[in-house]
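Student: Shown below is the structure under consideration.
The values are calculated or read from the model by the stated rules, or taken from the named source; none is laboratory data. Owing to the predicted nature of the structure, the values given are computational and were not obtained by experimental measurement. Ideal geometry is used to build each Cβ from the backbone, glycine not excepted, and the neighbour counts take in all protein chains shown. The area values use the complete protein model at the heavy-atom level, side chains included, leaving out ligands, DNA and RNA. Shrake-Rupley method; radii C 1.70, N 1.55, O 1.52, S 1.80 Å.
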Amino acid sequence: MRLARIQYRGTPVWGIIQNDDVFMLEGDPYTDYSRGARLCALGEAQLLAPAEPTIIVACGLNYMGEIRHLGAPIPQEPSLFFKPATTVLDPGVEIPYPAITEQLSHEAELCCVMKRTTRNVSEEKALEHVLGYTCGNDIGMMDVLKKDNGVITRAKGFDMSSALGPWLETDLDPTNLAIKGRINGEVIQDSNTSEMLFSAAKIISYVSEFMTLRPGDVVFTGTPENGHYVVKVGDIMEVEIDGIGVLRTPVGPKTQS
């Protein structure tokens with residue numbers, strides 16, 4: 001099933017997409033729900049990020065192509081970092097080019113949105129705790145990362161740096177999905193989630209060993225080779241994942257320092 005969050009008459013609501021229409025989601029997307037009345041045509045809907053996280057957990061160095069490209073050692077365990085909820089960016093919304101960077105970067109990723117409170121879940125049962133899957137763009141500031149000696153807090157934790165969307169797919173096998181990143185229509189990343197070193201299930205299980213994931217929290221699963229691609233003002237960043245769709249993020253003007 002395809003779920004979306006939309007702005008409807010001034011209020012964020014969850015909806016169910018069927019064909020070219022959006023219907024009201026009656027109930028709670030994290031527990032039980034059913035299809036209600038038609039809200040609008042999908043083409044008329046103002047889409048919001050399909051997640052309501054308290055925290056975002058991201059996994060780095062998780063595609064073998066990217067590991068080889070960077071010449072990095074192969075991680076023995078998932079390499080994680082956190083992004084605050086203030087980083088969420090709705091699909092199609094322009095990201096202002098931060099004044100503190102000259103190297104804003106694009107990273108196409110598959111993201112998992114959690115369905116229930118998750119603590120100490122096994123890898124075998126981890127995906128049962130996922131509400132659905134969406135496209136993510138883990139936007140970064142590569143020169144800031146270098147300036148901060150690899151400490152990732154500023155480089156990946158700045159406002160609007162986690163683009164998500166356009167919606168959630170609830171019935172999807174995350175282990176074998178084509179994933180592409182494009183800038184202005186040019187493919188710069190072309191891979192498959194089967195290239196992941198650690199599967200989505202493994203990452204979720206690993207995270208749950210030391211912290212609790214809550215309904216709506218988001219897990220970024222890493223970016224394929226040629227991530228960290230630097231963009232400029234006016235560029236259009238896109239993430240496309242089979243079975244989900246396309247997430248578009250325009251790059252806006254430079255903000256004032």
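Student: Is there any pair linking a residue in the stretch 9-32 that is modelled with pLDDT of 95 or more to one that is exposed (fewer than 13 other Cβ atoms within 10 Å of the Cβ) and part of a loop (DSSP other than H, G, I, E, B), with Cβ under 6 Å and at least six apart or on different chains, and which?
Tutor: Listed by first residue and then by second, the contacts come to nothing, as the list is empty.
Student: Then there's this: Any chance you could count how many residues in the stretch 68-126 are assigned to a loop (DSSP other than H, G, I, E, B) and not polar (S, T, N, Q)?
Tutor: Filtering the stretch 68-126 for residues assigned to a loop (DSSP other than H, G, I, E, B) gives 71-78, 90-94, 98-103, 107, 115-117, 119-125.
So of that shortlist, the ones also not polar (S, T, N, Q) come out as 71-75, 77-78, 90-94, 98-100, 102, 107, 115-116, 119, 121, 123-125.
Total meeting the criteria: 24.
Student: Just to be sure, is residue 223 part of a strand (DSSP E or B), among the β-branched types (Val, Ile, Thr) and under 23 Å from residue 85 (Cα atoms)? Before the answer, list the steps.
Tutor: Numbers: part of a strand (DSSP E or B): no; among the β-branched types (Val, Ile, Thr): yes; under 23 Å from residue 85 (Cα atoms): yes.
No, not satisfied.
Student: Here's another thing I want to ask about it. Considering each residue of the stretch 206-257, count those that are over 15 Å from residue 110 (Cα atoms), small (Gly, Ala, Ser), in contact with a strand residue (DSSP E or B) (Cβ under 9 Å, 6 or more places away or on another chain) and open to solvent by 10 Å² or more (accessible area, probe 1.4 Å), and give that number.
Tutor: Number satisfying all stated conditions: 1.
Student: For the stretch 1-44, give me each residue that is among the polar types (S, T, N, Q) and surrounded by 11 or more Cβ atoms within 10 Å (Cβ to Cβ). So that I can check it myself, show each step before the final result.
Tutor: Taking the stretch 1-44 as the starting set, the residues that turn out to be among the polar types (S, T, N, Q) are 7, 11, 18-19, 31, 34.
Listed by number, the residues that qualify are 7, 18.
Student: Going by the structure shown, is residue 146 surrounded by fewer than 20 Cβ atoms within 10 Å (Cβ to Cβ), in a helix (DSSP H, G or I) and in contact (Cβ under 8 Å) with a residue 60 or more places away in the chain?
Tutor: Numbers: surrounded by fewer than 20 Cβ atoms within 10 Å (Cβ to Cβ): yes; in a helix (DSSP H, G or I): yes; in contact (Cβ under 8 Å) with a residue 60 or more places away in the chain: no.
Answer is no for this residue.
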